[in-house]
Amino acid sequence: LSVCIQASEWDCTLEGIEPDPSIRLGFRLIQGIGRDDVARLLEARKTSPFLDLQDVIYRSNLKRAVLLRLAEANVFSTMEPDRRKVSWEIQGSWSQLPLFQTSRRDEPPLTLSAPCPVQSVETNYRTMGLSVGEHPMQYLRSHLPKNTFGLGELQTLDTGRFVRVAGVILNRPR
């Protein structure tokens with residue numbers, strides 16, 4: 001399960017009922033987010049769940065750059081699935097100006113074209129080093145030369161045959 005503003009902790013956690021729990025990714029996976037920032041966010045969430053993005057901005061008192069990084073990592077997807085709309089709202093937020101901290105803007109909704117799935121996967125890898133969505137090879141395989149195989153297909157091929165293999169290393173052993 002992806003990092004979620006309402007459910008994630010600093011570390012990854014298990015959710016669901018045995019024998020098939022799910023792993024909820026933690027904020028620690030988001031590159032460029034510090035533990036102190038997440039502690040502030042979690043402390044604000046303790047009192048009650050966040051109502052909306054403006055509530056997160058107001059109660060967490062995080063810097064705009066941190067909020068934008070969280071938006072890029074799509075942690076607000078339970079509030080708004082399009083991370084670009086969230087970023088737009090954060091950019092226009094007045095909450096960090098003392099005079100307007102309790103004010104809310106009433107603007108017409110932003111209309112954007114649907115995000116490109118490839119860009120979503122790329123953004124996930126850039127911000128967290130992984131994606132809980134589609135596998136990146138799903139979008140690349142059709143552009144590869146013929147006779148290029150995935151690892152799973154190798155066992156079905158004749159021994160001694162010359163082949164090309166294409167894939168993405170998702171986890172490097174240390």
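The values are calculated or read from the model by the stated rules, or taken from the named source; none is laboratory data. Given the structure is predicted, the values throughout are model-derived calculations rather than measurements. Cβ: placed from backbone, ideal geometry, glycine included. Neighbour counts: every protein chain shown. To get the accessible areas, we keep the full protein, side chains included, count just its heavy atoms, and leave off ligands, DNA and RNA. Shrake-Rupley method; radii C 1.70, N 1.55, O 1.52, S 1.80 Å.
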Next item on the list: Please state which of the following conditions S87 fails to meet, knowing it meets all the rest: (1) of a type in the set (G, A, S); (2) open to solvent by 20 Å² or more (accessible area, probe 1.4 Å); (3) not in a helix (DSSP H, G or I).
Entry: (3)
Item checked: Criterion violated by T102 - all others in (1) surrounded by 10 or more Cβ atoms within 10 Å (Cβ to Cβ); (2) polar (S, T, N, Q); (3) at pLDDT below 75 satisfied -> (1)
Notebook entry, point to check: Looking at the range 15-30, which of the residues that are assigned to a loop (DSSP other than H, G, I, E, B) and at pLDDT 90 or above is nearest to G133 (Cα to Cα)?
Noted result: L25
Item checked: Selected residue (criterion: most open to solvent (accessible area, probe 1.4 Å)) from residues of the range 1-30 that are within 11 Å of the chain's Cα centre (by Cα) and more than 21 Å from T47 (Cα to Cα) -> L1
Next item on the list: Determine which single condition L70 fails, assuming it passes every other condition in (1) open to solvent by less than 10 Å² (accessible area, probe 1.4 Å); (2) touching a helix residue (DSSP H, G or I) at 6+ places or on another chain (Cβ under 6 Å); (3) at pLDDT 90 or above.
Entry: (2)
Next item on the list: Pairs only if they're at least six apart or on different chains, beta carbon under 8 angstrom, first in the range 46-58 and touching a residue at least 40 places away in the same chain (Cβ under 8 Å), second among the small types (G, A, S); list them, first residue then second.
Entry: F50/A44; Q54/S93; Q54/S95; V56/A44; Y58/S95
